[in-house]
Each structure stands twice: as C-alpha cells, then as structure tokens.
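Encoded as structure tokens, the structure appears first; notes follow it.
Values in this text are rule-based calculations from the coordinates and carry no lab data. Given the structure is predicted, the values throughout are model-derived calculations rather than measurements. Cβ placement follows ideal geometry from the backbone for every residue including glycine, while neighbour counts extend to all protein chains displayed.
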Amino acid sequence: MRIKKQGQHLLITIDEEYENRPLSDLWADLHLSRKTIHLLKQNKDYKVNHVFSMNPILHTNDVLDVLAYEHDDGTYAPDFQDIDIVYEDDLILVVNKPIGIAVYPDDPHKTDSLSNRVSAYYMTQGYDIPVRYIHRLDNDTSGLVVFCKCHLIQAYLDYALSIKEIQREYLAYVEGHIKEGKEYKIEQNLGKDRHSPSKMRVHSKGIPAVTYYQCLENKEDHALVRCRLETGRKHQIRVHMASIGHPILGDPLYNEGSDYPRLALHAAYIKFEEPITHLEIDLYSPMEF
C-alpha cells in the first residue's frame, strides 16, 4: 500500500489486499494491542475517506487517515554527534552503530548513546517523534540497528523480531581456521558467570541458545565467519564461538590474550518486509576493520 506522512498522521491508500475487508483486519495484521485500538476508536483518531466509523469496510483506493506518530516523550536527551544513516523512510530509520557506545544509556542522566544521537537527528530534521529502537547490540559491536519512527508499526516490528522474520547476520574474525563453506550449529545453554557479573558462560541449566556459523575465508592465523542467531542472548556469538575454541579477535571478555584493536564483530546484514508498504528492506553494512 502507498503511504504519505502528513504531520503526526499517516495517509494509507488501501490496495486490493484489503478489498471488502473490515479495518479490524488491518489492525490485526499490524498486531495492534486492544488498548491501542480502543484509544484510536475512543479519540476518533482515524478516518476513511474523511469519515469516522468504528470498523468500516475497506475498498481499493480508499484513503485511511490515522494518527500514527506519537510526540517526542523526551526519554533521550539529544547528543549532537553525527550518525551514519544507512536507510530511512517515513516508517523506519536504520543506523550503522559505531563501536564503544550503547544503543541506549544505562542511566537517564547519561547522553552518550546511539539513541541520544538519533534524538538529536530527529530534532534537527524537525521530527516530533520519540526514539524507539527495535533491537540492541553490545557496546563493542558495530553494525546495523533499526529504529521505528511510526507508532502504528512498532508492535508489528517487535513481533517480527520475536518470530525471526527480521533476519540478521553478523561478520566476525575468529581465532584459528575453520573448514570453509559448511554451516555449523552451536546449541549450548547460556547463563551468567557467577565469578564475573559482566560475563556469560555456557551452562547446562542456563537458557537455550542457538548460533549458526559459516567460514567465509581462512586468513593467515584467523578466519572470517558469518553468524546468524536463532536466539538472541547476551554475548551469545561471543560465548558460543569461544566455547568451540574460536574466540572473536579483540574480545576483552572472552579472548583476553588477543591484541586486536577492537572487538571484531559486526552486525552486517538485515532483511525484513516493512509492514503496510510491504517494501523489502535488504541492507548490508561492510565490515571496515
């Protein structure tokens, strides 16, 4: 479907997918909560062809006008440092996170995080919307992070992430050599390391964790691998690769002897279908280290 942002509203041109179907079908496909739907109805925050109705039947080329953007809630104070924008439209923003900063601050008084920088970007662009990240990366991991600009699609993106419809892959340099081409599976539970609160470790009574990895190229004393996650646990790739004798280069927690200048882990690929527009988002961020 075609969309057009107009202030805090989104104009959606209905296509044949929703011909002769109730508006409630679209709300269901977007995984809107009952509370959200109730508020939209209560406040009459949507109209079809300029007319409000509780659950109108939609037809091709109808125009749904819906209040789809929240106002900025001030959660993240702006930090006016440049961000590397990989993709942006009226629904999402995808940013390449550098190493050494968190996706969000662990203290509301701190401002050095990617979310604070995105807040500043929104301000400079005149966007009156809150900062909402869809997923996170470790501080020392670089790569692609998705932010949701439109409140109407956030529940869908959260759901898509939970059922792995948002596909993410990482690139890493690891110690040693691995047979090229074949994809391997690591299935080991992870739990907190009671001797070091900042670390995780393989633990039989921990939470399930599954990582797939494939060697793309063997170099002189290390290998370039591609990793994808079936689960998303803290430090999962780092712990799993270390557990099989191939720790990531430059990992200060799980490869302390490495003199590589940074953690050699990068969120390089992301692919998913954008809701409403059904646009396929397929992005790559090169590993530049």
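Just a few scattered comments:
- Within the shell defined by Cβ-Cβ distances under 13 Å, the residues around Gln188 carry a net charge of +3, with Lys and Arg each +1 and Asp and Glu each -1.
- Potential extension, His278-Ile163 segment - 0.36 nm per residue separation minus Cα distance: 39.7 nm
- Annotation: amide H-H contacts under 5 Å for Gln188 (H modelled 1.01 Å from N, sequence separation of 5 or more, or interchain): Ala209, Thr211.
- Positive-end residue of Asn20, Ser196, Leu91, charge dipole of the chain with Cβ unit charges: Ser196
- Electrostatic dipole magnitude of segment 1-130 [Cβ: Lys, Arg +1; Asp, Glu -1; Cα centre; debye, to 20]: 440 debye
- Taking amide hydrogens as placed 1.01 Å from N in the peptide plane, the amide H of Ile166 sits under 5 Å from those of Leu161, each at least 5 positions away in sequence or on another chain.
- Each of Arg34, Arg136 was scored by other Cβ atoms within 10 Å of its Cβ. Listed from fewest to most, they are Arg34, Arg136.
- Segment 2-67, relative contact order in percent, only Cα pairs under 8 angstrom and at least six apart counted: 48 percent
- Annotation for Asn218 and Arg34: the two label points, set 7 Å from Cα along the Cα-Cβ direction, are 5.9 nm apart.
- Going by neighbour counts of Cβ atoms within 10 Å, the residues Asp89, Asp259 line up, fewest first, as Asp259, Asp89.
- Inter-label distance for Lys47 and Lys5, nm, one decimal - labels placed 7 Å from Cα along Cα-to-Cβ: 2.2 nm
- GNM result for the chain, Cα springs below 10 Å: residue of Asp72, Asp128, Asp107 fluctuating most strongly: Asp107
- Only Lys, Arg, Asp and Glu carry charge here, each on its Cβ (+1 for the first two, -1 for the last two); on that basis the chain has a dipole of about 1020 debye about its Cα centre.
- Hydrodynamic radius of segment 109-246 by the Kirkwood approach over all distinct alpha-carbon pairs: 17.2 Å.
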